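Comments concern the structure below.
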Amino acid sequence: MLTLKTPLEKGSKKLINAWAFYDWANSVYSLVISSAIFPIYFGVLFSDINTISFFNYDIKNTAVISFVTASAFLIVAFISPILSGIADYIGNKKKFMKIFVYLGSTSCVGLYWFELETIYIGLLFYFLALIGLWSSIVFYNSYLPDIAFPEQQDRVSARGYSYGYIGSVILLLMILAMVMQPDLFGIEGTSSEASMKAMKYSFISVGIWWALFSQYSFYFLPKSNHEVRVTKDIFWNGYKELRSVWKQLKGQTQLRRFLPAFFLYSMALQTVMLVAAYFGEEEISWADTSEKTVGLIVSILLIQIVAIFGAILTARASERFGNIPVLIIINFIWVGLCIIAFYTRTPTQFYYVAGFVGLVMGGLQSLSRSTYSKLLPKTLDTTSFFSFYEITEKVGIVFGMICFGLIDHISGSMRNGILFFIIFFIFGALMLMRIPKVKTSNNYRRFNSFSIVPFF
């Protein structure tokens, strides 16, 4: 493996670009597999049957995906503090990052064998890909203070997001061309057979893209900032830091009230985002398979693009009205969107809903992050506080996916699951109303720039 002999200086343009380029490498998974192509493939695969047998018990196929996703995020939530501890204290964290990159990218390639006959192996690859992605991001994020100075980090973080968005859209458009015109790519078979093969090839392309473009980051990222021997203290340090944050919350009324609210509405938000494509595939009355494929991909692209403008508009609204009032309003908008989604059946209606989802999705995520930043106490240990924030979000996803999966399975309809999340948005908004006003205007100015950076 090639390695740069002379490390680049902290803050250098080349080093920053190399770090940000990992977003270009990994974001294709979130867009192509989590949001677009895999849900379509999954829906076609189960077009004739809608259950998967587990221990002689039939479970609705979309519910199974919800449960597997929840299990993956539960594992990530459990190991994230351990990985954070390693990232903070061990010397060669690039090695650990590589392990999870190759685990995730190889698992994406393994999705090629996601078939009814090998469904359990396919679900295992899906599970491992999620583990690989979110675990690698732990180490990726920990590199930020190593490669950029504090005054650079906001822009550097935004650059990473921009690279990720551009890269994922480029690959998705290439895959769309392959799925819609498989004959041009030498893919043989009937129209439906060729499209299915193209989708399976897309999983391979994601894995190759992820592993290949990661090499640029691996080449320039520093091997280590210090050498520390691996001990049990390193492994459990992350949990000790989380326990310290938990104790500090007792004296932080604003944070103590914000986090439960964030847990509730983030649970609903993240779950809706993860199941949106499955909802569109199963619940919308498309004319044919071709219209369904194009329509779902266009919807996902629409959500991603509109989310950028949504984050910017939300930031401007927060400057005028304040963070908490805007968060409350957005939560109630989500209540309305859930009700509308329940009655959405035609492609045109779905496009409109997708546009509005993108508008408030980017805003709610970016503003939540910046609000949390402003509410932090004066401390140098911001990493631990944000680790606590991320764990809260991941655990919320676990509960959200389990709830959605159970409702979907018991009722037989994803619509009821979407409608159920109204409760979480309402209670999230009500709990936000209990947060005292922020008196530290300096904090507001310091962290306001975060609110214009889309955070997906």
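The values are calculated or read from the model by the stated rules, or taken from the named source; none is laboratory data. As the structure is a prediction and not an experimental result, all values here were calculated from the model. Don't worry about glycine lacking a Cβ; one is built from the backbone with ideal geometry, like all the others, and counts go over all protein chains shown.
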Next item on the list: Just give me the residues in region 36-86 being more than 20 Å from Glu115 (Cβ to Cβ), surrounded by fewer than 17 Cβ atoms within 10 Å (Cβ to Cβ) and among the polar types (S, T, N, Q), in sequence order.
Entry: Asn56
Item checked: First in region 394-407 and without any contact (Cβ under 8 Å) to a residue 24 or more places away in the chain, second anywhere and surrounded by fewer than 23 Cβ atoms within 10 Å (Cβ to Cβ), Cβ under 6 Å, 6 or more apart -> Ile407/Asn416; Ile407/Phe420
Check: So, of the residues in region 47-68 that are in a helix (DSSP H, G or I) and out of contact with any strand residue (DSSP E or B) (no Cβ under 8 Å at 6 or more places or on another chain), which turns out to be modelled with the highest pLDDT?
Finding: Val68
Check: Would you say Ser71 is of a type in the set (Ser, Thr, Tyr), touching a Leu at 6+ places or on another chain (Cβ under 6 Å), farther than 26 Å from Ile305 by Cα and outside any loop (DSSP other than H, G, I, E, B)?
Finding: no
Note to self: List pairs: first residue in region 1-30 and modelled with pLDDT under 85, second residue outside any helix (DSSP H, G or I) and surrounded by fewer than 16 Cβ atoms within 10 Å (Cβ to Cβ) anywhere in the structure, Cβ distance under 8 angstrom, at least six positions apart or on different chains.
What the structure shows: Thr3/Lys223; Pro7/Lys223; Lys10/Phe149; Gly11/Phe149
Checklist line | Selected residue [closer than 30 Å to Lys93 by Cα and either surrounded by fewer than 19 Cβ atoms within 10 Å (Cβ to Cβ) or in contact with a Lys or Arg (Cβ under 8 Å, 6 or more places away or on another chain) (or both)] from Phe185, Phe218, Phe203 | finding: Phe218
Checklist line | Which numbered condition Arg345 misses (of (1) in contact (Cβ under 8 Å) with a residue 60 or more places away in the chain; (2) assigned to a helix (DSSP H, G or I)) | finding: (2)
Next item on the list: Mind counting the residues in region 120-137 that are under 23 Å from Pro7 (Cα atoms) and surrounded by fewer than 23 Cβ atoms within 10 Å (Cβ to Cβ)?
Entry: 1
Next item on the list: May I ask you to say which residue of Ile333, Ile339 is farther than 19 Å from Ile308 by Cβ, in the same structural domain as Gly280 (by TED's automatic domain parsing) and out of contact with any strand residue (DSSP E or B) (no Cβ under 9 Å at 6 or more places or on another chain)?
Entry: Ile339
Checklist line | Which numbered condition Glu117 misses (of (1) in a helix (DSSP H, G or I); (2) surrounded by fewer than 18 Cβ atoms within 10 Å (Cβ to Cβ)) | finding: (1)
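Would a scan of region 146-154 turn up a residue that is modelled with pLDDT under 90, among the acidic types (Asp, Glu) and touching a helix residue (DSSP H, G or I) at 6+ places or on another chain (Cβ under 6 Å)? Steps first, answer last, please.
First, pick out the residues of region 146-154 that are modelled with pLDDT under 90: 146-154.
Applying the additional criterion that residues be among the acidic types (Asp, Glu) yields 146, 151, 154.
Retained after the next criterion (residues that are touching a helix residue (DSSP H, G or I) at 6+ places or on another chain (Cβ under 6 Å)): 154.
Yes, there is a match, as at least one residue in region 146-154 is modelled with pLDDT under 90, among the acidic types (Asp, Glu) and touching a helix residue (DSSP H, G or I) at 6+ places or on another chain (Cβ under 6 Å).
Give the number of residues within region 325-342 that are among the polar types (S, T, N, Q) and without any contact (Cβ under 8 Å) to a residue 24 or more places away in the chain.
Selection size over region 325-342: 0.
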Item checked: Among the candidates Val179, Val169, residue that is among the β-branched types (Val, Ile, Thr), modelled with pLDDT under 90 and either touching a Ser or Thr at 6+ places or on another chain (Cβ under 8 Å) or assigned to a loop (DSSP other than H, G, I, E, B) (or both) -> Val179
Item checked: The lone exception for Lys250 - which of (1) without any contact (Cβ under 8 Å) to a residue 12 or more places away in the chain; (2) buried (at least 18 other Cβ atoms within 10 Å of the Cβ); (3) of a type outside the set (Asp, Glu) it fails -> (2)
Next item on the list: Would you mention how many residues in region 377-427 are part of a helix (DSSP H, G or I), modelled with pLDDT of 80 or more and out of contact with any Cys (no Cβ under 8 Å at 6 or more places or on another chain)?
Entry: 28
Checklist line | Residues satisfying the stated conditions in region 301-332, i.e. out of contact with any Gly (no Cβ under 9 Å at 6 or more places or on another chain) and under 19 Å from Leu274 (Cα atoms) | finding: Leu301
